[in-house]
Each structure stands twice: as C-alpha cells, then as structure tokens.
1. Report, by residue number, each residue of the stretch 157-169 that is open to solvent by 50 Å² or more (accessible area, probe 1.4 Å), at pLDDT below 90 and not charged (D, E, K, R).
2. Could you go through the stretch 85-92 and let me know if any residue there is over 30 Å from L10 (Cα atoms) and not in a strand (DSSP E or B).
3. Name the residue, out of G65, G79, that is in the same structural domain as W14 (by the TED database), modelled with pLDDT of 80 or more, more than 40 Å from the chain's Cα centre (by Cα) and open to solvent by less than 80 Å² (accessible area, probe 1.4 Å).
4. Conditions: (1) in the same structural domain as S282 (by the TED database); (2) in contact with a Gly (Cβ under 7 Å, 6 or more places away or on another chain); (3) of a type outside the set (K, R). L159 meets all but one. Number of the miss?
5. Given A237, A233, A172, which one is closer than 30 Å to L148 by Cα and open to solvent by 30 Å² or more (accessible area, probe 1.4 Å)?
6. Within the stretch 110-155, work out how many residues are on the phi > 0 side of the Ramachandran plot and open to solvent by less than 90 Å² (accessible area, probe 1.4 Å).
7. So which residues in the stretch 166-203 are touching a Lys or Arg at 6+ places or on another chain (Cβ under 8 Å), of a type in the set (S, T, N, Q) and either outside any loop (DSSP other than H, G, I, E, B) or in the same structural domain as G100 (by the TED database) (or both)?
Amino acid sequence: MSLGFSYKHLYYFWVVAKEGGMSRGAERLGMAVQTVSSQVRELERSLGHALLKPAGRGVALTEAGQAALRQADAIFQLGEQLEDVVRDAASAPVLRLAVGISDGLPKLAVRRLLMPVTSAPNLRLYCHEDQFEGLLSDLALHRLDVVLADRPAPPNPSLKVYSHSLGASPLAWYAPEVWFEQAAANFPASLSQVPVLLPIHHAAVRPRIDQWFERHGLRPRIAGEFEDSALLATFGAGGLGVFPAAELMHEKLTARYELRRVGPCEGVEEQFFAIAADKKVSHPLVQKLLPSRAPAKPSGD
C-alpha cells in the first residue's frame, strides 16, 4: 500500500490540533516549534489542503482540518489499543471454529451437537446458517471448518467433502396442554383430528414423517409448516398444534416449553452429520465433534 503522507506528520498535526497551538503542541511533543510547524506544513502539502489557520495566539482547524482530525482520532485511538491487543493475543491465543448450520437442521439440537467443543479455552465460535448447498460450497473453499446438517453430502465427484455421522434420535409427538388429552386419546389416529405442525418439505426428515402418516393411513390437519425447529416449538407451545421432534430434545421441550410427550413416531429418526473438507480432519475442535468410530464417507461415493 502506497501512502502520499507520513503517519508521523499526521501525529504531529493531531497533537497540535488537540493542544490548540503550535507552541503547546511542540511542548507536549518535546520538540522545537519550527520543527513541528514544518512537519505539519509537509502534511498539508501531501494532502493538498490547508488543515490549520491562525486564530488569535493559536491555531484553528479549517474544514479540511476538521475532517483530518476525525480520521486521526480514529487512527490513534486504535493505535493506543495496539499494545493491549497484542499482549492479549500473545497470552491467550484464540481458537477459531467456523461452523455452517444447515437450514434443515433442528436448531434446538445445535447446541447439543456443539457441546463437545463449547468448553474449549479461548474458543471463538462463528455460526453461519444457510441453505445446505451454499454451505457445502463455502466448506469446499475452506471458508468454513465444518458443516452441521440433517443429511450427508450428496454424491458429487467435483466437491470433495466428507460426511461423518453424529448419530440419530428417534422422533416423538409433543403437544401443549390444550391439545394433549385429545392427541393422546386413540393415538396415533388422533392426529387426524388435532392441528399438526411440521417441518417444511426440504428438511430431510419431512419425507419420512409423510411416509409415517401413509403407513398409518392418516390425513393430518396441517396448521403450519416451519423452517426453524425452534420457531415450530414456540408456536406449538403457544397452542397452535401438535408436532414431531427429536427425543434428544425431550428435556428442553418439556421443561422450557412445557410440552408433553404424546407418543412415538415409530421408525422415524432425525439424523445428524458433521461434514468436513478433508478426509483426515486436522482441526482439533472438529475432531472433538466427531465420534471416534464414525467413518468418513466421501461425497463422490
């Protein structure tokens, strides 16, 4: 980067402007008035504008000088923080983890999936939610360290990413108090009589739920479809309807949302995957996320 002015000259101008005069500025700097004055004039020549003008026995800022002072304030305030920032960085190095969260993944489960790393010293966690395909592209370009999703990466020979299973959780049906008795009576046939809330169709678990309805010969009264599982649970708790959720979140659903478990969604599981860009994961925090037994499945297979 090439600059047309000297930061040293800018600093002299900044001190003079703060002190309100060449003499007081020179005294603060411990320099001769003539030296400081010539350095400020050199800055003005470099910038092409007068920054100071005579005002009584001191100096005042021109409009250009006021603009320059605002920039100098920002620059030198940051400079004053430099020593502390460097010391903190040297004494407590930050361990950065950039995680992509697929929009189809139940958000209530994200914290549980990340628990193996959240106690790491000096962790700086970045979570970015987006559509699954976009996250895989960012992962392949090493903009992300790992992607958490409800499905493995699809076969794609040109996209070298690797899927690691984090396990699965059976689904069950949960209801707010207002719908519990009606939903629990003659379950699961009751799901044709009570309002039902579901994840939207691009969630990986949604086709499995639809197949479950077909196996039981049910035609649910769908009162709402949600992209965000936390939002779904919020509306469910508010009385909008009965909904399926991973039993992994049973304690949170019953304690925080005051929901009651109606019955199982037999044969339907919510699956969880960590997807990494390299077959042999080197990031220490990503390694902590993965069960030691979980084999990597390349997307090209």
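The values are calculated or read from the model by the stated rules, or taken from the named source; none is laboratory data. Keep in mind that what you see is a predicted model, and the values were worked out from it rather than measured. In this analysis, Cβ positions are derived from the backbone assuming ideal geometry, glycine residues included, and neighbour counts consider all displayed protein chains. Remember, those area values only see protein heavy atoms, side chains included, never the ligands or the DNA or RNA. Shrake-Rupley method; radii C 1.70, N 1.55, O 1.52, S 1.80 Å.
1. Selection gives P157, S158.
2. Within the stretch 85-92, the first condition is being over 30 Å from L10 (Cα atoms), and the residues that meet it are 91-92.
Subsequent filtering for residues that are not in a strand (DSSP E or B) retains 91-92.
Within the stretch 85-92, one or more residues are over 30 Å from L10 (Cα atoms) and not in a strand (DSSP E or B).
3. Exactly one residue qualifies, and that residue is G65.
4. With (1) in the same structural domain as S282 (by the TED database); (2) in contact with a Gly (Cβ under 7 Å, 6 or more places away or on another chain); (3) of a type outside the set (K, R) applied to L159, the lone miss is (2).
5. Working: A233 fails: open to solvent by 30 Å² or more (accessible area, probe 1.4 Å); A172 fails: open to solvent by 30 Å² or more (accessible area, probe 1.4 Å).
None of the other options fit; the residue is A237.
6. Here is the first cut: in the stretch 110-155, the residues on the phi > 0 side of the Ramachandran plot are 122, 142.
Still in the list and also open to solvent by less than 90 Å² (accessible area, probe 1.4 Å): 122.
Total satisfying the criteria: 1.
7. S192
Listed here are the residues, each with its yes/no results for (1) touching a residue at least 12 places away in the same chain (Cβ under 8 Å); (2) touching a strand residue (DSSP E or B) at 6+ places or on another chain (Cβ under 8 Å); (3) of a type in the set (F, W, Y).
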| residue | (1), (2), (3) |
| --- | --- |
| S38 | no, no, no |
| E42 | yes, no, no |
| G48 | no, no, no |
| E80 | no, no, no |
| A98 | yes, yes, no |
| G104 | yes, yes, no |
| P116 | yes, no, no |
| P121 | yes, yes, no |
